[in-house]
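The values are calculated or read from the model by the stated rules, or taken from the named source; none is laboratory data. The structure presented is a predicted model; accordingly, all values stated were derived computationally and were not measured. Neighbour counts run over all protein chains shown; Cβ positions are idealised from the backbone, glycine included. The area values use the complete protein model at the heavy-atom level, side chains included, leaving out ligands, DNA and RNA. Shrake-Rupley method; radii C 1.70, N 1.55, O 1.52, S 1.80 Å.
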Amino acid sequence: MGEIKVSPDYNWFRSTVPLKKIIVDDDDSKVWSLYDAGPRNIRCPVIFLPPVSGTADVFFQQILALTGWGYRVISLQYPVYWDLLEFCDGFRKLLDHLQLDKVHIFGASLGGFLAQKFAEYAHKSPRVHSLILCNSFSDTSIFNQSWTASSFWLMPGFMLKKIVLGNFTSGPVDAKMADAIDFMVDRLESLGQGELASRLTLNCQNSYVEPHKIKDVPVTIMDVFDHSALSQEAKEEMYKLYPNARRAHLKTGGNFPYLCRSAEVNLYVQIHLRQFHGTRYAAIDPAMVSAEELEIHKSRVENGNEEDL
């Protein structure tokens, strides 16, 4: 039990990347927790947003791998926000505080939904350059919980944890997936009642993405073929919403592929970000990109050939 928590990689991450706490709202109880790693001169980093049960460190394997390749990576943990507009306002203020004009966002489950809503919120003055949506959704009605969304704030923490755990895979899984689930259960235990109640409220209150507002944002949809909390219907809806999106399919990975299939996830993130190399919105230090790759990218842009790499 708890293999990830005692792994050398996780301990190396915790000992080398500091957790920062930032307040950007008038209410000083709203604290953003984040890990910011990689070259500080990069003004368009990739930001990771966790699922309901996640904390900023659930993406530690992406942080370690991507910063090793020269990318700037920020992984966030949200304060307690009870509605989507409040979240979007807070996230915009955080980007302003960090002096980031535009960003790439990797969002897992609720994180992916919030990323889409933020891109939609900021569509007149775009702050999101691209999206990677992992096991995510575009309409909260798929959870059939909108009628309970207004009462989550009343429920005790143990009941909220039970609701979240109900979506975790319970059947037989391989060792890496079992370790990922153990780690996420541990992270879930670290969340307070307010954090969980507010996230479940955002996850379930009646809302959907308006795709016409973000149709120009490059998107990669990442999902798994094995069992996850996301129904096939929700996946199909995402494909319909983003017909031009790149698709990154993992044969297995369950709800938390970034933990148990990190090498594949990291590769797909790298492929997604590679299309921006050589532009002002690159998330990588130019010195880490080979001259040959930049030349190839330049010729592809000049020839208007922007297909999948």
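Key figures
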{"item": "The stretch 7-20 residues that are more than 8 Å from Y35 (Cβ to Cβ) and open to solvent by less than 80 Å² (accessible area, probe 1.4 Å), paired with ones that are part of a loop (DSSP other than H, G, I, E, B) and not basic (K, R) (beta carbon under 9 Å, 6 or more apart)", "result": "Y10/I4"}
{"item": "Failed criterion for R199 (all others in (1) under 21 Å from T55 (Cβ atoms); (2) touching a Cys at 6+ places or on another chain (Cβ under 8 Å); (3) among the charged types (D, E, K, R) hold)", "result": "(2)"}
{"item": "Test result for L191, part of a loop (DSSP other than H, G, I, E, B) and either of a type in the set (A, V, I, L, M) or surrounded by 14 or more Cβ atoms within 10 Å (Cβ to Cβ) (or both)", "result": "yes"}
{"item": "Qualifying positions in the stretch 219-233 - crowded, with 18+ Cβ neighbours inside 10 Å and touching a strand residue (DSSP E or B) at 6+ places or on another chain (Cβ under 9 Å)", "result": "V219, T220, I221, M222, D223, V224, L230"}
{"item": "Single residue of V185, V173, V164 found to be touching a Ser or Thr at 6+ places or on another chain (Cβ under 6 Å) and either open to solvent by 30 Å² or more (accessible area, probe 1.4 Å) or within 19 Å of F256 (Cα to Cα) (or both)", "result": "V164"}
{"item": "S151 being buried (at least 17 other Cβ atoms within 10 Å of the Cβ) and of a type in the set (S, T, Y)", "result": "no"}
{"item": "The stretch 161-217, residues that are modelled with pLDDT of 90 or more, more than 29 Å from H129 (Cα to Cα) and of a type in the set (S, T, N, Q)", "result": "S190, Q193"}
{"item": "Qualifying positions in the stretch 121-157 - within 22 Å of Q275 (Cβ to Cβ) and among the acidic types (D, E)", "result": "none"}
{"item": "Residue within the stretch 55-67 that is open to solvent by 10 Å² or more (accessible area, probe 1.4 Å) and assigned to a strand (DSSP E or B) present", "result": "no"}
{"item": "Cβ-Cβ under 7 Å pairs, at least 6 apart or on other chains, the stretch 119-140 side free of Cβ contacts under 8 Å to residues at least 40 places away in the same chain and closer than 20 Å to D89 by Cα, far side part of a loop (DSSP other than H, G, I, E, B) and of a type in the set (K, R)", "result": "R127/K102"}
{"item": "So G254, is it of a type outside the set (S, T, N, Q), farther than 18 Å from K117 by Cα and touching a His at 6+ places or on another chain (Cβ under 9 Å)", "result": "yes"}
{"item": "Residue check for L49: in contact (Cβ under 8 Å) with a residue 24 or more places away in the chain and surrounded by fewer than 24 Cβ atoms within 10 Å (Cβ to Cβ)", "result": "no"}
{"item": "The stretch 236-272, residues that are among the hydroxyl-bearing types (S, T, Y), open to solvent by 10 Å² or more (accessible area, probe 1.4 Å), assigned to a helix (DSSP H, G or I) and touching a residue at least 24 places away in the same chain (Cβ under 8 Å)", "result": "S262, Y268"}
{"item": "Output for the stretch 71-88, where each listed residue is farther than 19 Å from V185 by Cα, in contact with a strand residue (DSSP E or B) (Cβ under 8 Å, 6 or more places away or on another chain) and either basic (K, R) or at pLDDT below 95 (or both)", "result": "R72"}
{"item": "Residue check for D139: of a type in the set (D, E), within 28 Å of A248 (Cα to Cα) and over 19 Å from the mean Cα position of the chain (by Cα)", "result": "no"}
{"item": "Selection count, the stretch 21-41, where residues are within 19 Å of the chain's Cα centre (by Cα) and under 30 Å from G278 (Cβ atoms)", "result": "5"}
